[in-house]
1. Before rounding to the nearest 500, sum -39500 (n - 2.57) across all DSSP H runs of length at least 4 in the chain and divide by the residue total; then give [θ] at 222 nm in deg cm²/dmol.
2. Where does region 35-119 land on the Kirkwood hydrodynamic radius, alpha-carbon pairs, in angstrom?
3. How large is the translational diffusion coefficient of the chain in µm² per second when you combine the Kirkwood radius over alpha carbon pairs with Stokes-Einstein at 37 °C and 0.692 mPa s?
4. Based only on other Cβ atoms within 10 Å, what is the fewest-to-most ordering of His207, His256, His42?
5. Under 5 Å between amide hydrogens, which residues at least 5 positions from Ala97 or on another chain qualify, with H placed 1.01 Å from N in the peptide plane?
6. Report, to one decimal in Å, the Kirkwood hydrodynamic radius for region 12-158 based on all distinct Cα pairs.
7. Assign one of three labels to region 129-269, namely rounded, prolate or oblate, based on the Cα gyration tensor with a ≥ b ≥ c the square roots of its eigenvalues; rounded applies when a/c is under 1.5, prolate when it is not and a/b is larger than b/c, and oblate otherwise.
8. Going Cα to Cα from Lys28, which aspartates and glutamates come in below 19 Å? Please leave out same-chain ones fewer than 8 positions away.
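Quick note: the coordinates plus some simple rules give every number you see, no bench work behind them. Remember, predicted model here, so these are calculated numbers, not experimental data. FYI the Cβ positions are ideal-geometry reconstructions off the backbone, even for glycines, and counts take in every protein chain you see.
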Amino acid sequence: MPTKIELFEVGPRDGLQNEPRDIPVAEKIALVDTLSKSGLRHIECASFVSPRWVPQMAGSAQVLVGIKRVENVRYTALTPNLRGFDDALAAKVDEVAVFASASEGFSRANLNATIAQSLARFRDITSAAKALNIPVRGYVSCIVSCPFDGPTDPAQVAYVVRQLRDMGCYAVSLGDTIGAGTPDSIQTMLGAVLDVAPARDLAGHYHDTGGRALANIDVSIALGLRVFDTSVGGLGGCPYAPGASGNVATETTARHLAAMGYDTGLDLPVIDAAAAQARAMRGTSDV
Ligand code: HMG
Ligand code: MG
């Protein structure tokens with residue numbers, strides 16, 4: 001039996017949040033509906049953040065309400081505070097994600113909060129979610145380097161991972177927000193993180209700015225990770241991380257893993273159709 005690897009689709013959120021064109025909700029719904037037929041188990045399709053901070057995600061509730069839900073697919077959303085959590089619940093989200101940073105500079109730029117302040121907000125969310133049986137995923141950004149503070153100490157990544165696990169996050173996704181990671185630096189960072197969390201509870205979230213995301217996935221697989229966040233069409237980036245480009249593309253990663261003998265359970269022609277849809281949504285950019 002080939003080893004299973006899950007690709008956790010973040011394109012409709014991470015992929016689109018940074019796009020300059022005001023993308024109609026109907027196009028976002030159509031993209032999620034195609035992705036729902038591809039064999040993915042998680043699709044991050046919404047973000048209940050301030051529309052002043054990330055205007056592109058303003059229609060998130062309409063997206064969650066408008067999609068055709070497919071059994072065994074969890075539709076997930078980012079929630080930075082209790083207000084976002086309540087709005088996500090009202091839109092019938094299946095799972096939410098809280099997003100912390102390993103560096104203070106990015107935490108301030110992205111959340112207007114110190115790491116400690118953001119973790120306190122996330123504790124409110126995880127305790128509310130626990131009472132309602134809503135799974136919470138944690139993110140840690142800037143796991144290798146921060147656009148404001150420079151290189152990140154792996155011990156600081158491990159500290160934030162531990163905090164997120166202690167508050168009840170079922171998994172923690174490790175974000176190389178600006179794609180600065182190399183197989184060596186990812187391996188060193190994972191060495192620290194694996195002291196506080198088992199590989200089965202971790203995911204790799206590697207932006208491909210440096211063109212090394214696939215190599216970073218390979219080294220992470222060798223250390224036991226089996227879940228990777230990818231963005232269909234390779235779209236995206238974070239508006240609060242200057243120079244960050246998209247997550248590694250779902251279609252590229254799925255082919256890379258298949259060639260190495262892993263089973264992602266994905267229907268590649270459907271993923272390719274979604275990738276074409278996602279690229280067309282960029283409007284003026286390269287399609
Ligand atoms: P703030 O300015 O400190 O908060 O922002 P505030 O409480 O003063 O509120 C400011 C305004 O936002 C107010 O509205 C609030 O009502 C409103 P106003 O009175 O000015 O009209 N507000 C909200 N509106 C809708 N939904 C909410 C909400 N909360 C407040 N939930 C805040 C703090 C956290 C809100 C802000 O910093 C924010 O929204 N940040 C999100 C930034 C973001 O979404 N970044 C991209 C996602 S993270 C990422 O991409 C990284 C990741 O992919 C991993 C990786 O790659 O590393 C996950
Ligand atoms: Mg990201």
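1. When only DSSP H runs of four or more count, the value is -11500 deg cm²/dmol.
2. 13.7
3. Numbers: Rh = 18.4 Å.
Estimated via Stokes-Einstein, D reaches 178 µm²/s.
4. Numbers: His207 28, His256 17, His42 22.
Fewest-to-most Cβ neighbours within 10 Å comes out as His256, His42, His207.
5. Long-range HN contacts for Ala97: Ala77, Leu78, Thr79, Arg137.
6. Values: mean 1/r = 0.0628 Å⁻¹.
Answer for region 12-158: a Kirkwood hydrodynamic radius of 15.9 Å.
7. rounded
8. Filter leaves Glu9, Asp14, Glu19, Glu44, Asp87, Asp94, Glu95, Asp229, Glu251, Asp272, Asp286.
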